[in-house]
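J.: Starting off with a structure, shown below.
Values quoted throughout were computed directly from the atomic coordinates according to the rules given, and no laboratory measurement underlies them. Just so we're clear, the structure is a prediction, and the values are computed from it rather than from any experiment. Counting neighbours? That spans all protein chains shown, and the Cβs are built from the backbone with ideal geometry, glycine included.
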Amino acid sequence: MGPGIGSDRDNPLEGHPMQRKVISLPLPNHATLLCALLALCFLGGIAGAQVGPDGQPLSRDEMWRAPTAEEWAQPVLIKWQRSYDDAKVISKETGKPILVCVNMDGEIASEHYAGVRYRQPEIAELYEPYVCVIASVYRHNQRDYDPTGASIPCPRFGTVTCGEHIGIEPGLFDEFFEDTRVAPRHIAVELDSTEMYDVFYAFDTDSVFKQIKDAVIDRPIIDPIPGKSDRSIVDRVQSQDVVDREAVELAYQNGDASIRRELLTAAIQHAGSSQVGIMRLALLGPDLELQQLAWEGLTRNSDQLSVGGGAVDLIAEALRFPMPMEQQSSLISTLEKMGESSFRARRLANVYTGLGKSSDVLDLQLWLTSLRGKDLSIPPLRIAPPEEMPSPDDTDGLVDYAVSLINFAFAPDTDPAFAKLLVDDARQAITQAQAAGIMDWRVSAVLGLSAYFLGETRSAYAQAEGAVKGMPVGDSSPLSMAVLGLFGEARQRGIVGAMRRPQPWPAEWMTDIHSTYTVLLHHPYGTDLQAVGNYDFLKGLEATGHSSRFLEDALARFPDSWPLHERLRKQLLEDRKVDAIDGIETVYGRMLAAPDASPALPWFAGYASFLAAEAHRRIGNPTQAGNSYKRSISYFQEAIESDDSRALTANHHIAMGQAGLARVAYELMDDVSAVDSILASFETDPESGATLDGMLLTPVGTARAILVRLRATNQVELTAKIEGALQYLGKLDPALLELPVFERGGPVGPTNPAPAK
């Protein structure tokens, strides 16, 4: 939500204390003033009461001006605690209140706070009397830790990882937000957890900073904890303050073997302080002796580790990588101990136990051996069945007839109403065969699939398990594909249902899922959507190492699958640095260079480069972002040349890439290039003007930001070009000039001013 109005009862045009809810102006005393203020806001896009050098009220784009690349490159000067639990401990130790700051990507005021205010020394000084935490649900780094285990601070906020500022938000929402998600927002919390103030829908920056300052101006200064400043680096391991955590982790990274061992030993001894950063560095570091010490510390002190302090995260991260079975078993045992107080730990233990077993239902190795070399150029599923049902005496014919009906009914292009008739006939035929004593896995398969189609899932799942147990190894028919998929779904639903209650579930269910979907991946009739479902299930259960390997195999089988490519792009951005030697653009470049590359691959490569460009912007690499946008545009143009049916979506992304180039040029203070690129975007696809990119910015929003600076610097010719383009878009469709939904609304009208002209 965008900034809104608050009021001091004496003069709403001056700095005012904000209350828990926005103060309503009493009309009898302020009607004239309020009407004038509303008029100013709607006519001029006024954001607040602050005025510019000319004495005129600032517009919303001037009040919350967009940060430049130079400003984004400055360090964040506010030290955020890594968790709210840490903040409460530090608050009690220091006597400082907690200040909860909420931020939102793309929202104009939040962008201003993150890119400008949090990096200014005078603002950092205002925040110093508080213990600060930052909450934002948006990810700016795809990974929280590098391959060595070192934390990767969020480029937008510094200090904390993206996982930490994302993970802190739900708890704060439940405790303080009163079901209202707005940003920016500042909530001050006393030592006894009562709220001092809650500032949102603020009218201007001055009023927010005045409240932050005034609330603690008379607060007594608390003397530092005796001896705190004299503590050795090893003693600081016990501290939960982010400053100490950073210092200890840096000392470990830069220290010799002796100091590393000393710090790691202290972290293990003081497991309750959740100093898992040291243990992560040891587990993922090159020193085998320290690795072993960290393993032993994890397993020996599992009862002391703070479940909420990152220990489960650390074990989940470690289990992603191949390791000796003995070490994996030790970690699983540690998770089982933690499972007494952590549902997540209990779930992870069960998942990895199951993935390490062999299924009693499907012999995976025999199936893969049997399916190896099968022709994957299969005929369509929709094969017309015989017109008449065989006689009751022809039991084999009845089974064949029922199977053909089921195959036809489950074909993607069969009309649902007709499919129901087919299913009814299939059930009638197979029931007759069953009554005649036929004991064939196909009987259970048809009964299970018929029940599933008719919504009788409990019966369907039971029949599917019986069918799979009796199925001959290597059967490559459409029926075996369908019933394997049903069996896999049954096991997945069983686990999901157990977790929702929550109840224990057999680890063997996980074993069956892994075996079933691996078989389907090699089955001639297996589909990419089945592969997607299994990948998402594994990822959701945090079996990320297994899910990554499964995805690689799935793409080898289905190279043109949009949903599989979507997951590959996300995984590459999560697992690797965007500019790494095996980063997202490098991987797609390698795929394009393959001799059997799919003709559809340039489109996928274009979108991968587009996402890479946004990732570079998030971490403050404007030059690299510009290069990635240019590659993206080139790939999309290549996709159009190879198949003009892709022109609609490709041109949209070309226009968004050009708008991205404009934003990069704007942040680099290159106004001429910024104007050229944004005009090119509007020319390529005007209807993309109101589309949010991954940074929650629209081409029109970028044009407005450019326009503010052009007017301020009196660049008349360039100003006229932007104004003309915005007027042109408004004639095509006024909706293109509307603010994003999250910047509209607020308690009263002026929070949603007319777009700047």
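J.: Using packing as a proxy for protection, rank 433-446, 94-107 so that the peptide with the highest average count of other Cβ atoms within 10 Å comes first.
T.: Per-residue mean Cβ counts within 10 Å order the peptides as 94-107, 433-446.
J.: In whole Å, what is the distance between the alpha-carbon centres of the range 125-162 and the range 388-441?
T.: If you average the Cα positions of each part, the centres end up 60 Å apart.
J.: Grab the DSSP H runs of the chain that are 4 residues or longer, score each as -39,500 (n - 2.57), total them, divide by all residues and round the 222 nm result to the nearest 500 deg cm²/dmol.
T.: -17500 deg cm²/dmol
J.: Moving to a separate point now. Quote the convex hull volume per residue of the chain, based on C-alpha atoms, as a whole number of Å³.
T.: In the chain, the Cα convex hull volume per residue is 202 Å³.
J.: Net charge near GLU465, counting Lys/Arg +1 and Asp/Glu -1 over other residues with Cβ under 14 Å of its Cβ?
T.: 0
J.: Assuming 0.36 nm per residue, please report the length gained on full extension of the stretch ALA436 to SER642 beyond their Cα-Cα distance.
T.: 68.4 nm
J.: Taking a quarter of the surface of the convex hull around the Cα atoms of the range 453-494, what do you get in nm²?
T.: With the hull built on Cα positions only, its mean projection is 3.0 nm².
J.: What FRET efficiency comes out for GLU246 versus GLU574 if R0 is 25 angstrom and r is the Cβ-Cβ distance? Round to the nearest 0.05.
T.: 0.60
J.: Among 67-77, 682-692, how do they line up from the highest to the lowest mean number of other beta-carbon atoms within 10 Å?
T.: Ranked from most to least packed, the peptides come out as 682-692, 67-77.
J.: Additional query: Which percent of Cα-Cα pairs in the range 325-476 sits in each 5 Å bin, short to long?
T.: Here the calculated profile for the range 325-476 is 2, 9, 13, 14, 14, 13, 10, 8, 6, 6, 4, 1, 0.
J.: So who's got an amide H within less than 5 Å of the one on ARG185, skipping anything under 5 residues away but keeping other chains? H placed 1.01 Å off N, in plane.
T.: HN-HN under 5 Å from ARG185: VAL102.
J.: Right, here's the next one. So if each residue of separation counts as 0.36 nm, and I subtract the Cα-Cα distance between LEU421 and THR369, what length gain in nm does that give?
T.: 14.9 nm
J.: In nm, to one decimal, how far is the LYS357 label point from the SER673 one, both placed 7 Å along Cα→Cβ?
T.: 5.9 nm
J.: Then there is this: For a footprinting-style exposure proxy, rank ASP425, ASP230 by other Cβ within 10 Å, fewest first.
T.: ASP230, ASP425
J.: Given 0.36 nm per residue, what is the gain on full extension from PHE173 to ASP235 after removing their alpha carbon distance, in nm?
T.: 18.9 nm
J.: May I ask you to evaluate 6.51 cos²θ - 1.76 cosθ + 1.60, the Karplus curve with θ = phi - 60°, for each residue of the range 58-70 and list the ³J(HN,Hα) values in order in whole Hz, giving x for glycine and proline?
T.: Once rounded to whole Hz, the list reads 6, 6, 4, 6, 7, 4, 10, 4, 6, x, 8, 4, 5.
J.: Moving on. Measuring from centroid to centroid over Cα atoms, what is the spacing of the range 449-466 and the range 589-622 in Å?
T.: So the two Cα centres are separated by 42 Å.
J.: Under 19 Å Cα-Cα from LYS420, which aspartates and glutamates qualify once same-chain neighbours fewer than 8 residues away are excluded?
T.: Qualifying aspartates and glutamates at Cα under 19 Å: GLU387, GLU388, ASP400, GLU456.
J.: Counting Lys +1, Arg +1, Asp -1, Glu -1, what net charge surrounds ARG245 among other residues with beta carbon under 9 Å of its beta carbon?
T.: That sum, taken over residues with Cβ under 9 Å, equals -3.
J.: Distance in nm between label sites at THR180 and GLU723, each 7 Å beyond Cα in the beta-carbon direction?
T.: The two pseudo-label positions are separated by 3.8 nm.
J.: Quick one: what are the phi-derived ³J(HN,Hα) couplings along the range 617-624, Karplus 6.51/-1.76/1.60 with θ = phi - 60°, whole Hz, x for glycine and proline?
T.: 3J(HN,Hα) across the range 617-624, in whole Hz: 5, 5, 9, x, 10, x, 5, 5.
J.: Let me ask something additional. So which lysines pass the test for LYS577, namely a Cα distance under 18 Å, with those fewer than 8 places away in the same chain ruled out?
T.: Excluding near neighbours in sequence, the set is empty.
J.: With +1 on each Lys and Arg Cβ and -1 on each Asp and Glu Cβ, and nothing else charged, work out how big the dipole of the chain is about its Cα centre, in Debye to the nearest 20.
T.: 760 debye
J.: Now a separate question. If you line up the long axis of helix 288-300 against the longest principal axis of the chain, both from Cα atoms, how many degrees apart are they, to the nearest 10?
T.: With both axes taken from Cα atoms, the answer is about 80 degrees.
J.: Right, here's the next one. Between ALA73 and SER477, how many nm apart are label points set 7 Å from Cα along the C-beta direction?
T.: So the two model labels end up 6.8 nm from each other.
J.: In the chain, with Lys and Arg counted as +1 and Asp and Glu as -1 at Cβ, which of these residues, THR334, ASN254, ALA316, has the Cα nearest the positive end of the dipole, that is, farthest along it?
T.: Ranked along the dipole, the leading option is ASN254.
J.: Over all alpha-carbon pairs in the range 228-355, figure out the percentage whose distance exceeds 24 Å.
T.: The answer is 26 percent, as a whole percent.
J.: Still on this structure: Hey, any idea what the orientation-averaged projected area of the convex hull of the range 127-220's Cα atoms comes to, in nm²?
T.: Over all viewing directions, the range 127-220 projects a mean Cα-hull area of 7.4 nm².
J.: Would you please put 464-473, 515-524 in order of how densely packed they are, using the mean number of other Cβ atoms within 10 angstrom per residue and starting with the highest?
T.: In decreasing order of mean packing, 464-473, 515-524 become 515-524, 464-473.
J.: Over 23 Å between C-alpha atoms is what I'm after, so list which of LYS337/LYS357; LYS357/LYS539; LYS570/LYS630; LYS337/LYS469; LYS96/LYS210; LYS79/LYS337 land there.
T.: Pairs exceeding 23 Å: LYS337/LYS469; LYS79/LYS337.
J.: Can you pull the Rg over Rh of the range 419-471, Cα-only, Kirkwood?
T.: Rounded to two decimals, Rg/Rh equals 0.96.
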